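The values are calculated or read from the model by the stated rules, or taken from the named source; none is laboratory data. What you see is a predicted model, and the numbers here were worked out from it, not measured in a lab. Neighbour counts are summed over all protein chains in view; Cβ atoms, including those assigned to glycine, are modelled from backbone coordinates with ideal geometry.
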Amino acid sequence: MTHTTDSDPDATAHAADSAQQLDHVRHQSDGGATPIFPVLDPLRAVGAFAVVLTHVTFWTGDYFRHGIVGRMLPRLDVGVALFFVLSGFLLAHQYFAAAQRGRPHDSSLRYYWKRFLRIYPLYVIGVVPAMVFVEANSDAGAGAWAKALTMSDIYLSDALRPGQTQMWSLATEVSFYLVLPLLMVVVGATGGRRPTTRRVMGLAVSLVVLNLVWTLSVNERLRDAGVGLASQWLPNYLMWFTAGLALAWAHVLVTRSSGAPRLYWLVALARQPGVCWAIAGSLLVVAATPLSGPMLFDLPTPAEALTRQVLYALIGGVLVLTGVFADPESGYARFMSRRSVRRLGHISYAVFCLHLVVLHLVYWATPYTMFEGNDLLPVLALTLVITVPLAELAYRFVETPVMRLRHVGSATPSSTPPSATTLNS
């Protein structure tokens, strides 16, 4: 066996480079300012537009065309996993960073107020037009409206209303918002205490085990009992949020003064975004195989469902990694940090909420027919041409003004503009 010594020039150079990378990451978080991760904004756009593309592809019938590429299109619902990893990272990081610096985190009441402002106003902007203008919802009574407006469809219904079938993920995300403060109490990130790696990793393992048990056993039992949408509940997606939580703790470890030499490799990987994107693409190809289950309405086996969850967690994790430890001087970070590119991330939530209503409108107003398999490009173009300007208007005149209310009653309002990747948002 060959032993590496201090006299090995390659090892010395590698160690010096790794230490320099960690010093750079720590320097970015010095000074006590609220950390901002600009590269993560465009990743939200990647997630949103991936979801748009997979929905348009399904409606046009192109899932069955284009060979392996056609098989990959249904798997662009990985955009939801990307959202969940981002949420797990951003929200857990608030708690971890505050605890490490000995500063109080927002009270639970203020935390929930911010989450409400972040999610609900635009959610309503997406739901109400779907309930009013989508013909299939013309028979919706007060009960259907109440379930739609309270995000309770996935718990109280066997199916989601037309025009808002993507909203299940928001209900699942809100359930994560609700339990996160309790999880942070468990790891000791509140009340002036400081979490430890053992506690955080213990929590992460526990959440993943719960996800495994739910997917492999509980899902089928609930479905057999007549609970049709149990597979869309939070326990089925805990590993996606947990991937973000683990990245948040890794970032805190790297940026504290003592550093984290064992995480050199993680920072080094993040500083090679081309490699990370190649890994994500390769995992997506694997997800497009029968290992991850059927493409359409046939239910996957528990093993197939779990395979897809693991692959999506890895894809979301490796992409978010490129933003968590991005080198701000790299071409990748400079491109992703451009105002125009970040703007797509800013409007991505509105794009997500509005695109299915627009897709219904496109089919209502044009001669295109669903599932014909030859209208992908024109239908996609029309959907984006309408959705993106509407999303910009919603961001400018609804989301931004509403998010200014997040500091109502606060003695120290932030001067940072609201953004999905600002940890105060």
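Tabulated data
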{"item": "Where Gly102 falls short, out of the listed (1) surrounded by fewer than 18 Cβ atoms within 10 Å (Cβ to Cβ); (2) in a helix (DSSP H, G or I)", "result": "(2)"}
{"item": "Qualifying positions in segment 110-139 - part of a loop (DSSP other than H, G, I, E, B) and within 21 Å of Val174 (Cα to Cα)", "result": "none"}
{"item": "Failed item in (1) closer than 23 Å to Val320 by Cα; (2) surrounded by fewer than 20 Cβ atoms within 10 Å (Cβ to Cβ); (3) of a type outside the set (D, E, K, R), with Phe83 passing the rest", "result": "(2)"}
{"item": "Where a residue in segment 356-373 is of a type in the set (Gly, Ala, Ser) and its partner, wherever it lies, is surrounded by 15 or more Cβ atoms within 10 Å (Cβ to Cβ) and not in a loop (DSSP other than H, G, I, E, B), with Cβ under 7 Å and at least six apart", "result": "Gly373/Thr60; Gly373/Asp62"}
{"item": "Residue within segment 401-424 that is in contact with a Ser or Thr (Cβ under 6 Å, 6 or more places away or on another chain), under 27 Å from Val85 (Cα atoms), assigned to a strand (DSSP E or B) and modelled with pLDDT under 95 present", "result": "yes"}
{"item": "Residue within segment 198-210 that is of a type in the set (A, V, I, L, M), over 30 Å from Ala260 (Cα atoms), crowded, with 19+ Cβ neighbours inside 10 Å and within 24 Å of the chain's Cα centre (by Cα) present", "result": "no"}
{"item": "Condition check for Ala148: of a type outside the set (Phe, Trp, Tyr), surrounded by fewer than 17 Cβ atoms within 10 Å (Cβ to Cβ) and either within 30 Å of Gly293 (Cα to Cα) or touching a strand residue (DSSP E or B) at 6+ places or on another chain (Cβ under 7 Å) (or both)", "result": "no"}
{"item": "Residue list for segment 249-274, filter: assigned to a loop (DSSP other than H, G, I, E, B) and touching a residue at least 40 places away in the same chain (Cβ under 8 Å)", "result": "Arg256, Ser257, Gly259, Ala260, Arg271"}
{"item": "Unmet requirement for Leu73, which otherwise passes all of (1) in a loop (DSSP other than H, G, I, E, B); (2) touching a Phe, Trp or Tyr at 6+ places or on another chain (Cβ under 8 Å)", "result": "(1)"}
{"item": "Test: residue in segment 321-330 that is crowded, with 17+ Cβ neighbours inside 10 Å and over 21 Å from the mean Cα position of the chain (by Cα)", "result": "yes"}
{"item": "Some residue of segment 169-181 being crowded, with 21+ Cβ neighbours inside 10 Å, assigned to a helix (DSSP H, G or I), hydroxyl-bearing (Ser, Thr, Tyr) and touching a Leu at 6+ places or on another chain (Cβ under 8 Å)", "result": "yes"}
{"item": "Options Val124, Val132; residue that is among the β-branched types (Val, Ile, Thr) and touching a residue at least 12 places away in the same chain (Cβ under 8 Å)", "result": "Val124"}
{"item": "Residue that is within 23 Å of Cys276 (Cα to Cα) and touching a Cys at 6+ places or on another chain (Cβ under 9 Å), where the choices are Leu314, Leu321, Leu344", "result": "Leu321"}
{"item": "Residues located in segment 275-333, provided they are over 14 Å from Asp77 (Cβ atoms), part of a helix (DSSP H, G or I) and among the small types (Gly, Ala, Ser)", "result": "Ala278, Ala280, Gly281, Ser282, Ala303, Gly317, Gly323, Gly331, Ala333"}
